[in-house]
1. Suppose R0 equals 41 Å. What FRET efficiency, 1/(1 + (r/R0)^6) with r the Cβ-Cβ distance, do Ile125 and Glu80 give to the nearest 0.05?
2. Note down the nm distance, to one decimal, between modelled labels 7 Å out along Cα→Cβ at Glu167 and at Arg69.
3. Based on the alpha carbon coordinates of segment 146-252, what radius of gyration and maximum Cα-Cα distance (Dmax) apply, in Å?
4. Compute the FRET efficiency between Arg177 and Thr62 as 1/(1 + (r/R0)^6), taking r as their Cβ-Cβ distance and R0 = 30 Å, and round to the nearest 0.05.
5. If you count, for each residue, the other Cβ atoms within 10 Å and average over each peptide, how do 229-239, 136-146 line up from highest to lowest?
6. Residue by residue through segment 170-175, what is 3J(HN,Hα) from phi via Karplus (6.51 cos²θ - 1.76 cosθ + 1.60, θ = phi - 60°)? Round to whole Hz and write x for glycine and proline.
7. For segment 92-162, which GluC sites (Glu not before Pro) pass both filters: DSSP loop (anything but H, G, I, E, B) and at most 12 other C-beta atoms within 10 Å?
8. Provide the FRET efficiency to the nearest 0.05 for the Asp87-Arg235 pair, computing r from the beta carbons and using R0 = 25 Å.
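Laboratory data are not the source of any read-out in this text; all were calculated from the coordinates shown. Model, not experiment: these values are computed from the prediction. Cβ coordinates were reconstructed from backbone atoms using ideal geometry, including for glycine residues, and neighbour counts include every protein chain displayed.
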Amino acid sequence: MTRRGFGAGGVALLAGYGGWRWLETRSTEGGLTWPLRRFSRANESVARALFRADRLAPDFPTSGARDPRVNGVVALAGVEGVVVPVDADSWRLRVFREGAEVRPMGLAEIRGLPRFEQTTELKCIEGWSTVVRWAGARLADLAAATGVGARSGRPYDAARPPADLYEYAGLATPDERYFVGLDLASALHPQTLLCYEMNGLPLSPEHGAPVRLVIPLKYGIKNIKRVGSIRFTDRRPADYWAERGYDWYAGH
Ligand SMILES: Nc1nc2c(c(=O)[nH]1)N[C@H]1C(S)=C(S)[C@@H](COP(=O)(O)O)O[C@H]1N2
Ligand SMILES: [Mo]
């Protein structure tokens, strides 16, 4: 090694050690040393900036649609792991606006919203993906028709959302054992659907009947099955897999 090479390496080594010591002595915020925390915040704002309503997940030819594997039965199955169906007639979607409950909606009401079909990829973070034909209502239309997406609580035109929209939406199963948090741009994205049909048939209990979320710009973990409640809020909602170490945004 030349003298010069050693010098540079030594400086880098010292800088590395010094830098690590410096990081270690910084205050922690939410369990992360603050420069790292700031870095992950920067990533979040980049993720938000990229997530524009005109960014669409690809739509595939319907002929390529297949049934996805049943993956994850948290809040669907009893102790034996067997999925226990819910009764679609008595099922209600409970809708909240920052604490205040708006009247619950039945399946007929959700089916009464404009119907959309899309053939998109369901991508699991485990590494598999399946193209699926989905049918359902846009969450954006539900938020607009009921006014639940806005702080005023007044219904609005989904194409011209008001300035007082909430920042987040949180969805949970009826028993609240599985739950996801979404930034509002993702929740109100035109491909974010409350689905009641999969590949031309009514949704099965294993895939989330009566209604599951399909959000193709996010990984499978955000595609909550058996939705029981939706809350529009300004506080970032809890998220089942974010609590277990995955990225809260989980976009791809
Ligand atoms: N209620 C509930 N929804 C859930 C899960 C779960 O365990 N419980 N798993 C998620 C994961 S990790 C994936 S990949 C998809 C899989 O959907 P599928 O079973 O319809 O293929 O559901 C998501 N929604
Ligand atoms: Mo998944």
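1. Details: r = 26 Å, r/R0 = 0.64.
Result of the calculation: an efficiency of 0.95.
2. 3.8 nm
3. Cα-based Rg and Dmax for segment 146-252 come out at 13.8, 38 Å.
4. After rounding, the FRET efficiency stands at 0.35.
5. Ranked by mean Cβ neighbours within 10 Å, highest first: 136-146, 229-239.
6. Taking θ as phi minus 60°, the curve returns x, 10, 9, 6, x, 8 Hz for segment 170-175.
7. Glu126
8. Step by step, r from the Cβ atoms, then E = 0.20.
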